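Following: one structure in structure tokens, then a few remarks.
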Amino acid sequence: MKVIKASGLEEKFSSRKINRTILEAGGSGKLARYVIGVVKKEYHENMTTQEILEIILRELKDFPDIHARYDLKRAIMALGPSGFPFEQFLATY
């Protein structure tokens, strides 16, 4: 399974990344496995990481605290595919 990153590069799909970020956001392993299953079920050729993020956020909507922490990723992605503008912003404080 391949995905298209925000930069346009192609990368192998990694369920480990989804698992790690859900756990880091405060979710359980069971929740992470469920969300990964949904993403795999909805996977299609040339799926973007943005589409995967939308699926994950949709599945986390019933867990407001986890959803809010996970949604920080979308805010960072909105600053650009490199993440560098966000790093520059944080460096000023």
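The values are calculated or read from the model by the stated rules, or taken from the named source; none is laboratory data. Since the structure is predicted, the reported quantities are computational estimates derived from the model, not experimental observations. For neighbour counting, all protein chains shown are included, and Cβ atoms are generated from backbone atoms with ideal geometry for every residue, glycine included. For the accessible areas, the whole protein counts, side chains as well, though only heavy atoms, and no ligand, DNA or RNA atoms are used. Shrake-Rupley method; radii C 1.70, N 1.55, O 1.52, S 1.80 Å.
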With criteria (1) open to solvent by 50 Å² or more (accessible area, probe 1.4 Å); (2) at pLDDT 95 or above; (3) touching a helix residue (DSSP H, G or I) at 6+ places or on another chain (Cβ under 6 Å), Ser28 comes up short on (3)
Hits in region 1-23 - residues which are surrounded by 11 or more Cβ atoms within 10 Å (Cβ to Cβ) and not in a loop (DSSP other than H, G, I, E, B)
Lys2, Val3, Ile4, Glu11, Ser15, Lys17, Ile18, Asn19, Arg20, Thr21, Ile22, Leu23
Hey, can you tell me all the residues within region 1-22 that are under 10 Å from the mean Cα position of the chain (by Cα) and hydroxyl-bearing (Ser, Thr, Tyr)?
Thr21
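Which one is surrounded by the most Cβ atoms within 10 Å (Cβ to Cβ) among residues in region 40-50 that are within 11 Å of the chain's Cα centre (by Cα) and part of a helix (DSSP H, G or I)?
Step one: of region 40-50, the residues within 11 Å of the chain's Cα centre (by Cα) are 48-50.
Add one more test, that the residue is part of a helix (DSSP H, G or I), and what stays is 49-50.
Numbers: Thr49: 18, Gln50: 13.
Looking at the filtered set, the residue picked out is Thr49.
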Checking His67 against (1) in a helix (DSSP H, G or I); (2) modelled with pLDDT under 95; (3) of a type outside the set (Gly, Ala, Ser); (4) open to solvent by 60 Å² or more (accessible area, probe 1.4 Å), which single condition isn't satisfied?
(4)
